[in-house]
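K.L.:
This is the structure I have questions about; it appears just below.
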Amino acid sequence: MPSPNQKKKKKYDASLLRRLHLQDKYENKLTSAEFLQIKPTLKHEQGLSESDLCSVYLHKLLMLDYRARYIQAKQENTNVTTVCQYTDDLFATIENLSKVLKQTNIHPLDLQMAVFHCSDSFLKQKMVTKLSQCQYALPLLVPDPFTGDIECPLWTFRQINKTWKKTETKDNETVVTMKSMSICKAETLMVLCFRLGSLSGSKSQLINTLINDRHSTFFHRNSTGSSKNRLLLDGVAEIAWYCPSGKPTDSFTDCVAFCNLHGDGLTHHKQREILMDKASVNVVFVPTLDKKHESAPTIKDLIEFPKPLIALIESSGNSVIQLQHKTGKYIVGLNDRSLSDVSEELKSIIREIVSAPHDAFQLESMSDTGLRADEHDASCKKGFSSAETIMKIIKSVSVSEDKQDFLPCQSQLWHDWSRINKELYHLKGNVEEERSKKLNECKKLREDQCTAYCGELMMYFVEKLSPLDQTEREYFIKWTQILLDDHTMNRLSSILQNYNQKWSEVSEDHKETLKELVKLSQDLQSATCGLEHIFREMAQIYEAHKSLDKPPGQGPSDWSKYPELAAELMISGHPMELMDGDAGHVPLTWISGLIDQVIKKLGNKRVFVLSVLGIQSSGKSTMLNVMFGLQFAVSAGRCTRGAFMQLVKLSEEMKTGFQWDFILVVDTEGLRALELEGNKTIQHDNELATFVVGLGNMTLVNIFGENPSDMQDVLQIVVQAFMRMKKVRLSPSCVFVHQNVSDVSATEKNMNGKRKLLEKLDKMVQLAAKEEVCDAESFSDIIEFDVQKDVKYFAQLWEGSPPMAPPNPGYSECVQDLKSFILEKAKKSPGLTFSDFKTKLEDLWNALLNENFVFSFKNTLEIAVYRKLEVQYGNWTWALRSEMLKIEEKLYTRISNGELDHVNLSHLYGEVTKKYEETKLLMSEYFDSEEDKDMLIQWRAQHELKLNDFLDELVRGLPKKLNNVIEQKKASKEAEEKKTMFENNLLQKSKKLALKLRDNSRDDQELESHFNHVWESWVSDLTRGIKPADKINLEEDQIQAIHEHGFEIDSMINRKNSQQYKTIAECGDYTEYVAKKHYESHNIVIRTFVNAKERFLTGRLSHEHQEQIKNLITDVEKQASELIKQKPVVERGYSSSYLREMCSNVISSIAEFESQWKYLLLKEFKVDLILFVFYKTHSWILESHSQFLKNNDVRTYLERKKDEYYSVFRSFYKGSSSAVVLTEVICDKLKSSMTEAVCNQTAIDIAGDMKCNVPEFKENRLNLEKHVLKSLAEKRDFNRYIIYIRNPKTYTETFIREEVENLLHTEYKDKCNSVFKQKISNIQKQILHALHEASETTKENNGDINMWLQVFTGSIKGELTFGTIDPQNFTDVNDFDFLGEEIEKGLNSISVDLSNLSVDKFKNSRQRPDQILIDQLCDCCWETCPFCAAVCTNTIKDHKSAKDGGMDHSTPFHRSASVNGVHYRGTKQFSLPFCTTEVAGDRSFYPDSSNRTVPYKQYRTAGTRYETWSITPDLHQMSYWQWVVCTFQKEIEKHYNLKYEGEGKIPVDWRKVTEDQALKNLEKMYK
């Protein structure tokens, strides 16, 4: 049973945990994750409550602030004078006050041990590692506060590595050997210190002088915050190591461990005995050597104990006494002696003991003491066992073969793949052939990786990692990392020592030494093997299989699960490699898969990316580790290689005010890495800096020391990187961190330093501006920078000289201040989502693979945001267009009804204002609330202006459109009056004839025959004196017009019969149209290559001149179309003079063209071009003239009315009343108007529905282009391809028409019928209301049929066109209710008929769904690529270029230049390459007909056609057009009269592309 003292102690211990708010954490342990979040900072000076102590202690400790050990809670304000009012109460008051103080003070090491007891094993390990870095003693034996069981927390030491220099004398020479190893493996002298009984002096304070007289390694009674009432420290044994620096001033020549048992050794005999057994030297502190003292028996045993003993006697004043006949036994007096004297004597004794043979201590041996060790935990043992198996596999081969044998995918195979992949962006010679060759080489290497990956190591690693729970997995990973680091460290020590020795021997004459250094560098790289290499292998296995579309495996061979495993580790706080420092490459496929899995587990959260940049060994990783408590490697004898990323979560209490959820910290290798100088270049540093700066929302630029040369190099690299960011419109921020500054508090000096830094930055900007061709004079021109705030000075990291120096608290303060500054700035940043980070990473790396980063950078994030904006802009413009269509319908109806003869602009603006304001509000909401609003802001003003311009265009275009209707109305006014008069006459004649014949019984056939007979006479009588409209013969007029311009009729007829003129715009070779003697001397092709071998001229017209003729045809066709559409054909009819004028204009354009280009076009071309123009305008002339006849030719009009009046005649004949006949007349007019209105309104609605829901028509211009290309592939019609290539807008319009036609007869057939019925129902309701209103008004006013007709027609004319009815023929109609009922019956019949309207009615309606969609979707940019003629896919017409704040012309659908007829100079060989491949090669082109050449990589400098196009290297996404070339090779060759041979030979790989692959590639290019 526990003793009363033990019970009392448990009670106190529990009370302590409650005071620290840790009572629940003894069972439910604190974890690392809780303290590695970003939390609000509580500073010591603010005054802490006891509940704050735990978190503040850990926070400071993780930031390497050794003052964490001295934090204290704020004491309650005890006012003594208030309590002690009377002298008699003095003693009682002081007693009470003592109790209060006793309750208030918590011993600093009680706090440390309380946190230790309440932490899980991983947080304990982190604590102990940080304590070691702070040069503090570490818990070696720890009694449980409640059970009293003693534990050895060996696990917590596993990540501690120590480096020291051992000094020996060999052959009379002093030899210094550097050692670096895990402290658990180190075999050292161990000095055990303990006391027997109570002492007046401090044992721990004396021990400190043996280790570091400037730093309290062990907490002692004179330390700040110390008190006697400690609860958890007694019985704890702490250990610390002295590590010599190899200097003469070292206290010891080798590493020495000092173990300090706290409390009375007589009480804690178990700990004492175990440690005495392990110790090399026992140092005992006793108050006296009196035999009667309770310690006497123990002292006697110690003297007999075989190990050296030093007894320090507090009551004795003697110097050192060595006991006779007892080797290694010393007595030292402490009384009246200075601490320094005793310390020096102890050092001397220990050195003497070390010089003789002695027992060595190894920390790992503590697991054999019989005590409980934390490593006995089942999960820990399981993790160790698995990790040990991995090490056995690794250790089974020689050092140099580790990675080659067990990690084959990342060795030479990966390095070769990386090299070849980079070469893809620096192609030479025949770029397509070279590209194909290198892609095949890359594929072969990937296949080799797939073959090699099933190694024992990786299979075992994945097999063990996959099924483990989180704790077991963490142990397994930690153990693997620990054992690998131990294994690596053993190798690195000797290599580094040799390297340092060789480096010191280097001079100009030591070429052999330099070779040896290179060899040692390679050995250093080979010997390095850490956990990152295993994950790198996983990455390469995944990339290889993914790139080859291999099926997933089973179990540990399932490579598709690797990103998920890595994502789980990354989320739990492990750093992941971003860039392989050995291969110098970013595994994009792996990173993409990894981030996708992170998104899957966390959601697409937002991150703030913080990156760091600086020279090697400048403390970048240390600074990040201190700042966030991270795990970036700073030990194991190696510096960071490549780049690593680690997630740091923003705690819940910090989320207010921040727009992101995590900081993604990116640590990088140093610039100017000396140990691999042979493999490093300035270019590499520039690339790394550009990558890091571009990736980060903020970059910490780390400057170490005050070496001007180092500073100059770093600043130059940094400035160039930020300048590149400015040029590609990325806006990261930066903070300069100047470390290792001698006096950070010297304000004046620091101000001067900032001024000099800014001067250097400005100078660097001016130098870099010339190289980068950038208009910048100062650093603030390229980045938002405040030298007063964005430059931080750091104290040096160490407080003294390593290896025994503790970290400088001033350094921790600087890091804390910097962290706060970063967070304050980061509040303003929206960060970016995980997916955006992935995309940005890909963009940066792909651009860096090219020589010219700025020309090659494609900001996919920006493009994606812009594409989304295009979709929204399309929705906004559609809202305005659909509103204007509705306004147009109303105005057209009023014009047709004669109620409007002028369209006022101000009226139109007034009508559309409400919708425009609503649309502007939607636009503002989008720009203000969209998550990418910071990126969208650059286009806001432009789109607001464009929307206003679009409205103006719509509004101003409508009067032009409606004025034609008004002019037609005016032009046909006389005809309309005649029509009305004729209709009245015909009605009267029909009525008279019917009454006349009513008495004679006739059947319907006889009746109709008689009516037909008299009808002809009626029409003749009515139209007597009116000249009938002339019939037109366009064929004859066309031939006559051409003949009048000097061309023979026979020649014209032959050209017309050949039908060749119809395809002149799509012709592939215009050579036959040009006089040979004129083009031989001008045969120049602009798209050729400087290094191409000169060819003999082939007699074929050059591509440049082919394009000029094509442009001439396009221009002439456009001019002719505009000319004929200006003619008043609808108002006045067709005239043959129009054709003669068109013909004359074509001849003039050709003559001007010949004069400009100095060569002669044959008459066959001229005839064909005139015929082509006539062919293109033919249908418009016929339709317009037909409309003229419909509006103005009375005979034509009367013939259309024949059936209507026969019906009237028959009704009268059969005895129908005037009301019934009037009903028929009204219903006939209503049916016509309702049909027109229903079709027009439905067309608008159906077009809107298609715009929103049909995949081809929704979204943006890019989406439409994708579907056009997909449709072309599915139809496999070469002629369609040629039309598309030659005239993409025309073909796109055709595509829309065909798609709409198909949809109307399939998916939209039922929907159209539904809309028809809805519109009919709405109109029917309006008509019924008009009937009711007309009847009621007429009855109320005792009106007649004239009034009734006026009210009725007035009510419906706002919605329907309705002709005039003369009431004189129906004066006998007075039963208006009956009339209304009859019309309602007729209306029902009309509604039934119209409900079955065919969608074919749209073909003749004024509003057509296809034309509405064409107007909307084709009102965009149609600029074509200057190389391959691919169409720009920007949705906005006349969009601004990037330099003017818009977006450059671009398309993802670039193609082989051959499909546009491009060929090599003087040959019939196609030019095969894609322009996206050419810009990655080393060739040049001719931008014009001169001999001036421009490298493809600098194409923007070639002229205005080129400078506004964004063409970035794309070496993979080309399958679609490769398939097109191979599928239609013969047709393309025949069309252009060229061959795919020689340099234009099609690579074999192209022929392997299937249609399915081509379509998948098309989708991939779109995305």
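K.L.:
Surrounded by fewer than 19 Cβ atoms within 10 Å (Cβ to Cβ), touching a residue at least 12 places away in the same chain (Cβ under 8 Å) and in a loop (DSSP other than H, G, I, E, B), is that true of Asp1415? If you could, list the steps in order and put the result at the bottom.
P.N.:
Numbers: surrounded by fewer than 19 Cβ atoms within 10 Å (Cβ to Cβ): yes; touching a residue at least 12 places away in the same chain (Cβ under 8 Å): yes; in a loop (DSSP other than H, G, I, E, B): no.
Taking the combined requirement at face value, the residue does not satisfy it.
K.L.:
Would a scan of the stretch 133-146 turn up a residue that is in a helix (DSSP H, G or I), of a type in the set (A, V, I, L, M, F, W, C) and modelled with pLDDT of 95 or more?
P.N.:
Pass one, the stretch 133-146, residues in a helix (DSSP H, G or I): 133.
Retained after the next criterion (residues that are of a type in the set (A, V, I, L, M, F, W, C)): none.
Among the residues of the stretch 133-146, not one is in a helix (DSSP H, G or I), of a type in the set (A, V, I, L, M, F, W, C) and modelled with pLDDT of 95 or more, which makes the answer no.
K.L.:
In addition: Restricting to the stretch 202-226, and then to whatever is buried (at least 20 other Cβ atoms within 10 Å of the Cβ) and more than 54 Å from the chain's Cα centre (by Cα), can you tell me which residue is farthest from Gln133 (Cα to Cα)? Give the steps one after another, and end with the answer.
P.N.:
So in the stretch 202-226, the residues buried (at least 20 other Cβ atoms within 10 Å of the Cβ) come out as 203-204, 206-208, 210-211, 216-219.
Of the ones still in play, those that are also more than 54 Å from the chain's Cα centre (by Cα) are 203-204, 206-208, 210.
On the way: Lys203: 23, Ser204: 19, Leu206: 21, Ile207: 19, Asn208: 16, Leu210: 18 Å.
Looking at the filtered set, the residue picked out is Lys203.
K.L.:
Now for a different question. State the number of residues belonging to the stretch 1249-1278 that are part of a helix (DSSP H, G or I) and either over 20 Å from His1454 (Cα atoms) or β-branched (Val, Ile, Thr) (or both). Walk me through it before giving the result.
P.N.:
Of all residues in the stretch 1249-1278, those part of a helix (DSSP H, G or I) come to 1249-1253, 1261-1275, 1278.
Pick out the ones that are also either over 20 Å from His1454 (Cα atoms) or β-branched (Val, Ile, Thr) (or both) and you get 1249-1253, 1268, 1275.
Residues in the stretch 1249-1278 being part of a helix (DSSP H, G or I) and either over 20 Å from His1454 (Cα atoms) or β-branched (Val, Ile, Thr) (or both): 7 in total.
K.L.:
If Ser1135 satisfies all but one of (1) open to solvent by 10 Å² or more (accessible area, probe 1.4 Å); (2) at pLDDT 85 or above; (3) more than 51 Å from the chain's Cα centre (by Cα), what's the number of the condition it fails?
P.N.:
(2)
K.L.:
Could you please give the count of residues in the stretch 332-355 that are free of Cβ contacts under 8 Å to residues at least 24 places away in the same chain and either closer than 16 Å to Val284 by Cα or among the aliphatic types (A, V, I, L, M) (or both)?
P.N.:
Within the stretch 332-355, residues that are free of Cβ contacts under 8 Å to residues at least 24 places away in the same chain and either closer than 16 Å to Val284 by Cα or among the aliphatic types (A, V, I, L, M) (or both) number 3.
K.L.:
Let me ask another. Pick from Val728, Val718: which is open to solvent by less than 30 Å² (accessible area, probe 1.4 Å), at pLDDT below 85 and among the aliphatic types (A, V, I, L, M)?
P.N.:
Working: Val718 fails: at pLDDT below 85.
Unique residue meeting the criteria: Val728.
K.L.:
Return the only residue of Lys1309, Lys1289, Lys1319 being touching a Phe, Trp or Tyr at 6+ places or on another chain (Cβ under 7 Å) and in contact (Cβ under 8 Å) with a residue 60 or more places away in the chain. Before you say what the answer is, go through the steps one by one.
P.N.:
Numbers: Lys1309 fails: touching a Phe, Trp or Tyr at 6+ places or on another chain (Cβ under 7 Å); Lys1319 fails: touching a Phe, Trp or Tyr at 6+ places or on another chain (Cβ under 7 Å).
Going through Lys1309, Lys1289, Lys1319 in turn, just one is touching a Phe, Trp or Tyr at 6+ places or on another chain (Cβ under 7 Å) and in contact (Cβ under 8 Å) with a residue 60 or more places away in the chain: Lys1289.
K.L.:
Within the stretch 1433-1454, does at least one residue satisfy the condition of being closer than 22 Å to Lys858 by Cα, open to solvent by less than 10 Å² (accessible area, probe 1.4 Å), in contact (Cβ under 8 Å) with a residue 40 or more places away in the chain and not in a loop (DSSP other than H, G, I, E, B)?
P.N.:
No.
K.L.:
Scan the stretch 285-338 for residues that are at pLDDT 90 or above and assigned to a strand (DSSP E or B) and jot them down.
P.N.:
Phe285, Val286, Leu309, Ile310, Ala311, Leu312, Ile313, Lys329, Tyr330, Ile331, Val332, Gly333
K.L.:
Quick check on this structure: which one of Glu911, Glu931 is over 25 Å from Val871 (Cβ atoms), open to solvent by 40 Å² or more (accessible area, probe 1.4 Å) and in contact (Cβ under 8 Å) with a residue 24 or more places away in the chain?
P.N.:
Of the residues listed, the single one that is over 25 Å from Val871 (Cβ atoms), open to solvent by 40 Å² or more (accessible area, probe 1.4 Å) and in contact (Cβ under 8 Å) with a residue 24 or more places away in the chain is Glu911.
K.L.:
Every residue in the stretch 1149-1186 that is farther than 22 Å from His1043 by Cβ and assigned to a loop (DSSP other than H, G, I, E, B), please.
P.N.:
Lys1158, Tyr1159
K.L.:
Okay, moving on. Could you look through the stretch 340-360, keep only residues that are over 20 Å from Asn208 (Cα atoms) and of a type outside the set (Ser, Thr, Tyr), and pick out the one that is most open to solvent (accessible area, probe 1.4 Å)? Don't jump to the end; show me each part of the working.
P.N.:
Narrowing the stretch 340-360 to residues over 20 Å from Asn208 (Cα atoms): 355-360.
Next, only the ones that are of a type outside the set (Ser, Thr, Tyr) stay: 356-360.
On the way: Ala356: 43, Pro357: 134, His358: 75, Asp359: 83, Ala360: 62 Å².
Among them, the one singled out is Pro357.
K.L.:
What are the pairs, 6+ residues apart or on separate chains, where a residue within the stretch 1137-1148 that is without any contact (Cβ under 8 Å) to a residue 40 or more places away in the chain has its Cβ under 8 Å from a residue that is assigned to a helix (DSSP H, G or I) and open to solvent by 40 Å² or more (accessible area, probe 1.4 Å)?
P.N.:
Asn1145/Gln1119; Val1146/Lys1166
K.L.:
Taking the residues in the stretch 88-122 that are modelled with pLDDT of 50 or more and aromatic (Phe, Trp, Tyr) as candidates, determine which candidate is farthest from Ala378 (Cα to Cα).
P.N.:
Filtering first and then ranking leaves Phe116.
K.L.:
Just give me the residues in the stretch 934-945 being touching a residue at least 12 places away in the same chain (Cβ under 8 Å) and out of contact with any Asp or Glu (no Cβ under 7 Å at 6 or more places or on another chain), in sequence order. Break it down stepwise before answering.
P.N.:
The initial filter retains those residues of the stretch 934-945 that are touching a residue at least 12 places away in the same chain (Cβ under 8 Å), namely 934-936, 938-944.
Scanning the stretch 934-945 gives Asp934, Gln938, Trp939, Arg940, Ala941, Gln942, His943, Glu944.
K.L.:
Shifting gears a bit: Taking Thr1501 as the residue in question, decide whether it is among the hydroxyl-bearing types (Ser, Thr, Tyr), under 16 Å from Pro1426 (Cα atoms), surrounded by fewer than 23 Cβ atoms within 10 Å (Cβ to Cβ) and at pLDDT 90 or above. Working first, answer last.
P.N.:
Numbers: among the hydroxyl-bearing types (Ser, Thr, Tyr): yes; under 16 Å from Pro1426 (Cα atoms): yes; surrounded by fewer than 23 Cβ atoms within 10 Å (Cβ to Cβ): yes; at pLDDT 90 or above: no.
No: the conditions fail for Thr1501.
K.L.:
Another question, then. Take the residues in the stretch 1341-1358 that are open to solvent by less than 80 Å² (accessible area, probe 1.4 Å) and in a loop (DSSP other than H, G, I, E, B); name whichever of them is nearest to Ile887 (Cα to Cα).
P.N.:
Step by step, filter the stretch 1341-1358, then rank; the result is Gly1358.
K.L.:
Pick out the one residue from Ile1383, Ile1365 that is under 29 Å from Gln1187 (Cβ atoms) and either open to solvent by less than 20 Å² (accessible area, probe 1.4 Å) or at pLDDT below 85 (or both). Lay out the reasoning, then the answer.
P.N.:
Working: Ile1383 fails: under 29 Å from Gln1187 (Cβ atoms).
When all the criteria are applied, what remains is Ile1365.
K.L.:
Please go through the stretch 147-192 and give me each residue that is open to solvent by 10 Å² or more (accessible area, probe 1.4 Å), among the hydroxyl-bearing types (Ser, Thr, Tyr) and not in a loop (DSSP other than H, G, I, E, B), ordered by number.
P.N.:
Thr163, Thr167, Thr169, Thr174, Thr177, Ser180, listed by residue number.
K.L.:
Still on this structure, I have one more. Would you mention how many residues in the stretch 840-876 are assigned to a loop (DSSP other than H, G, I, E, B) and open to solvent by less than 40 Å² (accessible area, probe 1.4 Å)? Steps first, please.
P.N.:
Initial filter on the stretch 840-876 (assigned to a loop (DSSP other than H, G, I, E, B)): 849-852, 857-859.
Now narrow it down to the ones that are open to solvent by less than 40 Å² (accessible area, probe 1.4 Å): 849-850, 857, 859.
Of the residues in the stretch 840-876, 4 are assigned to a loop (DSSP other than H, G, I, E, B) and open to solvent by less than 40 Å² (accessible area, probe 1.4 Å).
So that you can scan it fast, the table gives a plain yes or no per residue for (1) surrounded by 14 or more Cβ atoms within 10 Å (Cβ to Cβ); (2) closer than 30 Å to Phe1352 by Cβ; (3) among the aromatic types (Phe, Trp, Tyr):
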position: Phe1257; (1), (2), (3): yes, no, yes
position: Lys1270; (1), (2), (3): yes, no, no
position: Lys1275; (1), (2), (3): no, no, no
position: Asn1279; (1), (2), (3): no, no, no
position: Lys1289; (1), (2), (3): no, no, no
position: Thr1306; (1), (2), (3): no, no, no
position: Lys1309; (1), (2), (3): no, no, no
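K.L.:
Of the numbered conditions (1) surrounded by fewer than 19 Cβ atoms within 10 Å (Cβ to Cβ); (2) among the small types (Gly, Ala, Ser); (3) under 30 Å from Gln412 (Cβ atoms), Ser572 satisfies every one except a single condition; which is it?
P.N.:
Going through (1) surrounded by fewer than 19 Cβ atoms within 10 Å (Cβ to Cβ); (2) among the small types (Gly, Ala, Ser); (3) under 30 Å from Gln412 (Cβ atoms) one by one, Ser572 breaks only (3).
K.L.:
State all residues of the stretch 778-795 that are part of a loop (DSSP other than H, G, I, E, B) and at pLDDT 85 or above; if no residue qualifies, say none. Break it down stepwise before answering.
P.N.:
Narrowing the stretch 778-795 to residues part of a loop (DSSP other than H, G, I, E, B): 778, 782-790, 794-795.
Passing the criteria: Ser778, Ile782, Ile783, Glu784, Phe785, Asp786, Val787, Gln788, Lys789, Asp790, Phe794.
The values are calculated or read from the model by the stated rules, or taken from the named source; none is laboratory data. Being a predicted model, the structure only gives us computed values, none of them experimental. In this analysis, Cβ positions are derived from the backbone assuming ideal geometry, glycine residues included, and neighbour counts consider all displayed protein chains. Please note that ligands, DNA and RNA were not included when accessible areas were found on the heavy atoms of the full protein model with its side chains. Shrake-Rupley method; radii C 1.70, N 1.55, O 1.52, S 1.80 Å.
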